[in-house]
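Notes to accompany the following structure.
The values are calculated or read from the model by the stated rules, or taken from the named source; none is laboratory data. Because the structure is a prediction, the values reported are computed rather than measured. A quick note on method: Cβ atoms are made from the backbone with ideal geometry, for glycine too, and the neighbour counts reach across all protein chains shown.
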Amino acid sequence: MQTFTRLDPLRSTLDALRADGPLALVPTMGALHEGHLTLVRAAKARAAHVVASIFVNPRQFGANEDLDAYPRQLARDQALLEAEGVSLLWAPEAAAMYPAGYATNISVSGVSDGLCGAARPGHFDGVATVVCKLFNQVQPDLALFGEKDWQQLAVIRRMARDLDLTRPHVGAIVGVPTVREADGLAMSSRNAYLSAEQRSQAATLPRAMKGAIAAMLDGRSVAEATAQLVAALTSGGFSSVDYAEVRDPDSLAAVTEPACQPARLFVAARIGGTRLIDNMAIAPA
């Protein structure tokens with residue numbers, strides 16, 4: 001596996017890789033776990049070569065968020081990616097991604113409103129901007145993202161559609177199902193922030209979500225089911241809940257009758273200083 005930190009040598013090497021067939025991109029912020037590696041394996045099944053990127057994007061972190069504390073483990077991550085057969089790692093410094101005088105921002109309205117868009121103002125502008133730059137830099141035939149960040153995936157697809165991107169085309173932006181721990185907690189780099197006690201308490205999140213989904217399918221209202229969910233989280237060790245909402249999986253518009261139409265349950269909650277997010281389809285088990 002080759003690692004690049006500068007754009008010019010990256011581009012010339014990518015041109016050579018493309019001669020072998022389709023090129024897949026797996027964008028990450030590093031601190032890799034099994035969820036990331038699942039994306040890599042899914043990419044390998046679809047493409048001749050896989051390019052992974054590692055970039056802790058400062059533009060998607062707000063004031064008082066965990067940019068400085070975000071785990072950075074480049075040597076470990078390189079070893080994991082190489083063991084999975086990744087062909088190339090793009091690991092730019094911030095100055096390479098945002099050179100002096102950088103002044104462009106991409107904002108995607110609609111799907112970025114509410115949920116994490118409301119809780120983290122400016123976050124999805126930073127996501128859309130950096131992902132568009134990664135697409136332009138790598139020009140992959142397809143790109144893979146985890147469905148744990150469902151709203152992020154919706155923002156990226158909307159951006160690709162609206163900007164008429166062709167590498168990748170919006171239809172080649174692939175969502176991969178969330179990878180979970182044995183107790184149901186969605187895998188996340190931020191899980192590393194949890195103490196042993198908090199990690200045990202965090203498993204309340206997927207359990208409470210499943211309970212709320214069962215309640216809605218049994219005829220309980222969205223308001224009743226989400227109130228039940230919030231109560232379960234606060235009694236289970238979570239300090240606060242940013243949101244617990246039911247949305248359409250495509251438009252992310254609010255849904256009032258989830259048993260009668262496609263819907264997903266979205267939750268963001270805090271345990272100690274760590275913010276966890278998750279989402280699940282509202283469908284019979």
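When L115 is tested against the conditions (1) modelled with pLDDT under 95; (2) under 30 Å from L265 (Cβ atoms), the lone failure is (1).
Considering every residue within region 123-138, establish whether at least one is surrounded by fewer than 21 Cβ atoms within 10 Å (Cβ to Cβ) and in a loop (DSSP other than H, G, I, E, B). No, every residue in region 123-138 fails to be surrounded by fewer than 21 Cβ atoms within 10 Å (Cβ to Cβ) and in a loop (DSSP other than H, G, I, E, B).
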